[in-house]
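Note sheet for the following structure.
Here, each number is a calculation from the coordinates, and none is a lab measurement. Quick caveat, the model's predicted, so the values are computed rather than measured. Methodologically, a virtual Cβ is constructed for each residue, glycine included, from the backbone with ideal geometry; neighbour enumeration extends over all protein chains shown.
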Amino acid sequence: MMNFSLRVFYMLALAAVPVWGFAIDIPPGQAIAPPPGKSAIRFEINSVKFGDKYLKGEALSTGSELELNSLGVQYSRSLMIKNRLAGFYLNSAVGLALPGGSIAAQSDVTGMTDSAAALVTWLHADREKGRYAVLGTFIIAPTGDYDSNRAINLSQNRFAGGFQLGYHTRLASDWDVMTTANVMFSGKNDDFGLMHQTYEQDPLYSMQFTLMHHIDPSITASATYYVYHGGAGQLDGVDMDNDISRNRYEMVLSKRVRSAKYFLYLGKDANTENGFIEDRRLSFRYQHYF
């Protein structure tokens, strides 16, 4: 009975991984090079709902539900480094986790999430032809609320970081396409679960493909497909056999109004091999440029 309870606990303890543990996605159009010396501040409201847990592609019919809400802020700025356009951003958020269904007995969790910072540089920027190539490196710091005695946490309790390569090009006067490749490396969590074990994770690889349609000069509709692979976990050196193989899609509508831009995101998982499936992702973002 004790071993069964621990297995259930470990299953739940990873519930927040799909939101806070995946590589940082690049919003549609973000690979376009901005003028140097421009700043932006972004506020966002996110709501993600998870449903059943999957193991090797099969639903376990756990009846679990988990809603993760967050309010985030990001500051970014473009600059020149040795005659090359570059940029950086810093972001953090506060979150609220609401368990439901078969895990409704778990307590709600509120607090800070982990924070991220990134430095990017444009390898190529041809504004006339609308072609851009950008390379970025990012780090995720464990600033979030974490308690190993809880089943659900807003933090991974470890550092992570990685690299991103993005390419954006114009297809036609009203159509653009963007593709990115990412790899994320994670440190150890030495205080995982009731037994205070060590959790490690293999590198996680991901790609995204985005098609953008400019309805008019101020309105853009985008569709993105994401693919994630890798990221298997080990507990005290023992393989957990939980390789990530996940596909999801997302629709984005953005509107530019003077020096501000509004974004509406709606998406969900298409499928997942292991872990809790994402039933809904809804985000609203406001970005002000100055």
- Which order results if Asp243, Asp126 are arranged by neighbouring Cβ count within 10 Å, fewest first? Asp126, Asp243
- Note on the structure: For Thr210, the net charge from surrounding residues (Cβ-Cβ under 12 Å; K, R +1; D, E -1) works out to -3
- If all Cα-Cα distances of the chain are sorted into 10 Å bins from 0 onward, what percent lands in each bin, rounded to whole numbers? 6, 27, 37, 20, 9, 2, 0
- What area, in nm² and to one decimal, does the C-alpha convex hull of segment 215-271 cast on average over all directions? 5.9 nm²
- Query: Where does segment 184-290 land on Rg/Rh, using Cα atoms and the Kirkwood Rh?
  - Reply: 1.13
- Note on the structure: In degrees rounded to 10, the 0-90 angle between helix 2-13 Cα long axis and the longest Cα principal axis of the chain is 10 degrees
- Message: Filter Lys82/Lys129; Lys56/Lys188; Lys38/Lys255; Lys188/Lys261; Lys38/Lys188; Lys53/Lys188 down to the pairs with a C-alpha to C-alpha distance above 27 Å, please.
- Response: Lys188/Lys261; Lys38/Lys188
- Mind checking the alpha-carbon convex hull of segment 159-209 and giving the volume per residue in Å³? 79 Å³
- Message: Once you compute Rg and the Kirkwood Rh from C-alpha atoms, what is the Rg to Rh ratio for segment 32-104?
- Response: 1.27
- Message: Please arrange His288, His196, His214 by how many other C-beta atoms lie within 10 Å of their C-beta, fewest to most.
- Response: His196, His288, His214
- Report the local net charge at Arg246: Lys and Arg +1, Asp and Glu -1, summed over other residues whose C-beta lies under 11 Å from its C-beta. -3
